Amino acid sequence: DTAAANALDDYEEGTWTPSVGGNATYTTQDARYTKVGRLVTITAQFAINSIGTGSTNTLSGLPFESTSGEAAPFSVGYYSDLALTTIWIGGYVAHNTTTVYFVGNSSAASTIQGNGMAIFGNSARIDFCATYHTAA
């Protein structure tokens with residue numbers, strides 16, 4: 001279809017820097033994005049060397065602010081050396097932010113137990129991919 005409404009008018013690829021903030025140090029901060037129109041897909045592999053005063057459950061630095069409305073949930077592909085034992089971990093890009101929130105369960109449950117649980121610590125690593133909408 002070549003109609004103007006269906007024309008690809010915006011495509012961009014790049015990198016972004018995932019951060020837990022504070023004075024945390026990292027062994028890996030590898031993150032990329034692809035933006036097609038308003039749809040942004042991000043990937044990240046990050047490993048914390050020392051958490052210091054960094055957040056224990058949020059990650060900031062997304063390349064574009066998300067839109068208002070529903071949060072964009074995602075699954076985590078790999079994790080190791082977390083600050084607590086989990087049986088499931090995932091996350092979401094909250095609306096109107098450039099922040100990723102991680103959630104999970106530390107035991108069997110019928111709903112998410114840990115919306116805000118402290119999962120990051122020294123040596124924690126998480127690899128994930130998420131897709132969300134941006135206004136830009």
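The values are calculated or read from the model by the stated rules, or taken from the named source; none is laboratory data. Being a predicted model, the structure only gives us computed values, none of them experimental. Ideal geometry is used to build each Cβ from the backbone, glycine not excepted, and the neighbour counts take in all protein chains shown. Heads up: the accessible areas ignore ligands, DNA and RNA and are worked out on the full protein's heavy atoms, side chains in. Shrake-Rupley method; radii C 1.70, N 1.55, O 1.52, S 1.80 Å.
Can you tell me which of (1) within 29 Å of Ala135 (Cβ to Cβ); (2) modelled with pLDDT under 95 is the one Asn105 doesn't meet?
It fails just one condition, (1).
Among the residues of the stretch 7-40, write down those that are aliphatic (A, V, I, L, M) and surrounded by 14 or more Cβ atoms within 10 Å (Cβ to Cβ).
Val20, Ala24, Ala31, Val40 - these are the residues of the stretch 7-40 that are aliphatic (A, V, I, L, M) and surrounded by 14 or more Cβ atoms within 10 Å (Cβ to Cβ).
Return only the number of the condition from (1) assigned to a loop (DSSP other than H, G, I, E, B); (2) modelled with pLDDT under 90 that Phe120 does not satisfy.
Against the list (1) assigned to a loop (DSSP other than H, G, I, E, B); (2) modelled with pLDDT under 90, Phe120 comes up short only on (2).
Exactly one of (1) at pLDDT below 80; (2) β-branched (Val, Ile, Thr); (3) open to solvent by less than 50 Å² (accessible area, probe 1.4 Å) is unmet by Ile87. Its number?
It fails just one condition, (3).
Residue under question is Ala72, and the condition is that it be buried (at least 18 other Cβ atoms within 10 Å of the Cβ) and modelled with pLDDT under 95; does it hold?
Details: buried (at least 18 other Cβ atoms within 10 Å of the Cβ): yes; modelled with pLDDT under 95: yes.
The answer is yes for Ala72.
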